[in-house]
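S.K.: The structure that follows is given in the form of structure tokens.
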Amino acid sequence: MAARGFGLLTRLPMCAQRRSRVQRPSFRLLGCPGTVAEDLQREERLSGSAETGSEDKTPKKRFFEVQKERREQAQRTILIHCPNKFSEKKFLKYLSQHGPINNHFFYESFGLYAVVEFCQKESISSLQNGTRTPSVGMEAAIPFRSRFFNLKLKNSPTQTSEKSCVQSSHQLSPSSKKLFELLCYAESVDDQLNTLLKEFELTEENTRLRYLTCSLIEDIAAAYFPDCIVRPFGSSVNTFGKLGCDLDMFLDLDEIGKRSTHKSAGNFLMEFQVKNVPSERIATQKILSVIGECLDHFGPGCVGVQKILNARCPLVRFSHQPSGFQCDLTTNNRIALKSSELLYIYGALDSRVRALVFSIRCWARAHSLTSSIPGAWITNFSLTMMVIFFLQRRSPPILPTLDLLKTLADAEDKCIIEGNNCTFLRDLNRIKPSGNTETLDLLLKEFFEYFGNFTFNKNSINIRQGREQNKPDSSPLHIQNPFETSLNISKNVSQSQLQKFVELARESAWILQQEDQDRPSSSSNQPWGLATLLLPSVAKSKSPTKNKKEKFSSERIKNLLESIKSNRTENPTDTNGKRTISTQI
Ligand code: GTP
Ligand code: MG
């Protein structure tokens, strides 16, 4: 579902179009009446995505509506580890004994997995009742009844003729080589940015898998807190997630209190007996500690559980092996969920926002400005804020300020979290589209120009007001936290990292300006536009002063292009070449 509405296929060259079609996921939407699949089918027929806000006339869904639907869908879904070859038809028939199936897909991640969504939740209990706990020889199995199953073939040796390979959907971003090919053969910089978005954005299946993983973790946490909700937040849901991004989860215990109906008739009021601890933080640490143990000991597929309880925001980090997601589980983190909602709105307001953010994130990763290891680097969250701020500064603005969204808010949008006013208009349909018609080509150039010359030593970035403000402290980079306004979301960034960002932004602006005057023709197979910017050290190799090392970079680019060229000549439709280029994107 994610952003299929850019009309890109019509603009890509034929070879790229063919590739895009090959990559279409293999899942099937059978669409039981009244289910999310039926809604999705209807929306797809309207050729737009309400979830990601392409610029069509389809009403755009609110964040909480998407979350609610996805969660409900995930609760009707199971995960099955499958043998490598088997009959898909028989498999579906076998599962259908427990009730109709709404849709399914397969994917590979150290083995073959099936994600199967039933039309009704009850089908899962029926399946669980007919499922055995394995006997594992000398070892002992912990008899935990989850929604993660193992499919075994009975009589496998005699049925080989019936077995067939199932088609699996990809869960990974494209190789650097493939990306460079696509970018080099795009028709314009706008095309390049949209191509990159389409290649990196979360697929429908990946999104389903993320919600399913949260739902499976919720089942485990529910052993202690039966009414808890595990909600995804961050880039998994804010529409800025790249394939392969981590899965941020929020264990929401607030719903527990809300669900109990207060029977206040008569003179009595009942309260639960509870244990008290000295602070919220200690309560959070204790809860996460227990859930961490639970995941470690009983969570099927949860490995490498680490309890990071002394962090500013305590968390449990683990790998969910079957999905391949690196998960961060927090609790008491409602503001982050609100930030995700705000970014979802900004991402849905104008299709240029996501295209620009994805490219800037990839550019930053390619130049090691961001890292998966915590440190003095700029984070993806900060980069997204910088893009939003830049788009608020255009004339006319492409995005509204947070203060404007607050002014437009209804009574039902009102939201105060821990004393912080987090109110903003949540109905996307009530926000007027911007009259700004600038191209992505221009915006990319201007972004680098703007931040290459930003007075970071004096000014702070503030998306609430959409204008530069005096920095309240001496941190090199100051980006005001939109809801906890006294905090700086980029406090960790060192002066040298900021300097590196500024230099690369200037060089990138310079390259794009040079190309305006002298763009290599597409037949020359030279990297151009975004492709040039994503090559590490290419900025220096193109700049007027060249040294030996820089010449070496050019050599590397030349070799890379040769390899692309020869691969294309040998096999023009093959896009899944095994060789990869050592650029990290
Ligand atoms: P990825 O790099 O793709 O994972 O992007 P992300 O947006 O998911 O970032 P990350 O996993 O680091 O953080 C998850 C979410 O936590 C973000 O989307 C924000 O909502 C929130 N968050 C991250 N860093 C900060 C911060 O410094 N301050 C505040 N207030 N919230 C943060
Ligand atoms: Mg994240």
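S.K.: Which value in nm describes the separation of the simple spin-label points at ALA311 and GLU468, placed 7 Å from the Cα toward the beta carbon?
M.R.: 3.3 nm
S.K.: Just to be sure I understand the model, the point goes 7 Å from the Cα along the line to the Cβ. What's the resulting SER126 to GLU139 distance in nm?
M.R.: Result: 3.2 nm between the two label points.
S.K.: Can I ask one more? On a full-extension model of 0.36 nm per residue, what is the gain between PHE110 and ASP516, subtracting their alpha-carbon distance, rounded to one decimal in nm?
M.R.: The span from PHE110 to ASP516 would gain 141.6 nm if fully extended.
S.K.: Separate question: Please give the contour-minus-distance gain from ASP254 to SER494: 0.36 nm per residue of separation, less the Cα-Cα distance, rounded to one decimal in nm.
M.R.: Between ASP254 and SER494, full extension yields 82.7 nm more.
S.K.: Same structure, new question: If packing is taken as the mean number of other Cβ atoms within 10 Å per residue, what is the order of 408-415, 199-206, 219-226, 384-391, highest first?
M.R.: 384-391, 199-206, 219-226, 408-415
S.K.: Zone of PHE272 (label point 7 Å along Cα→Cβ, backbone N under 19 Å): which residues in the stretch 215-236?
M.R.: Under cut-off, by backbone N: 218-231.
S.K.: Also, quick follow-up: For the stretch 281-295, in order, what is each residue's ³J(HN,Hα) by Karplus, 6.51 cos²θ - 1.76 cosθ + 1.60 with θ = phi - 60°, in whole Hz (x at glycine and Pro)?
M.R.: 4, 5, 4, 4, 4, 5, 5, 5, 5, 5, 5, x, 4, 4, 4
S.K.: Determine the alpha carbon to alpha carbon distance for each of LYS414/LYS445; LYS242/LYS307; LYS90/LYS242; LYS121/LYS307; LYS198/LYS445; LYS177/LYS445 and list only those over 29 Å.
M.R.: Result: LYS414/LYS445; LYS90/LYS242; LYS121/LYS307 exceed 29 Å.
S.K.: Let me check against my output: what whole-number percent is the relative contact order of the stretch 184-308, with C-alpha pairs under 8 Å and at least 6 apart?
M.R.: Computed over the stretch 184-308, the figure is 20 percent.
S.K.: With an 8 Å Cα cut-off and a minimum separation of 6 or more residues, compute the relative contact order for the stretch 243-357 in percent.
M.R.: 29 percent
S.K.: Oh, and also: Would you work out the relative contact order for the stretch 300-350, in percent, from Cα pairs under 8 angstrom that are 6 or more residues apart?
M.R.: Once normalised by length, the contact order is 25 percent.
S.K.: Moving on to the next point. Please find the FRET efficiency linking ASN421 to ASP219, where r is the Cβ-Cβ separation and R0 is fixed at 41 Å, and quote it to the nearest 0.05.
M.R.: About 0.70, to the nearest 0.05.
S.K.: Given the Cα-Cα distance of SER395 and SER486 and 0.36 nm per residue of separation, how much length would full extension add, in nm?
M.R.: Here the segment from SER395 to SER486 would lengthen by 29.9 nm.
No lab work stands behind these numbers, since they all come straight from the coordinates. The structure presented is a predicted model; accordingly, all values stated were derived computationally and were not measured. Methodologically, a virtual Cβ is constructed for each residue, glycine included, from the backbone with ideal geometry; neighbour enumeration extends over all protein chains shown.
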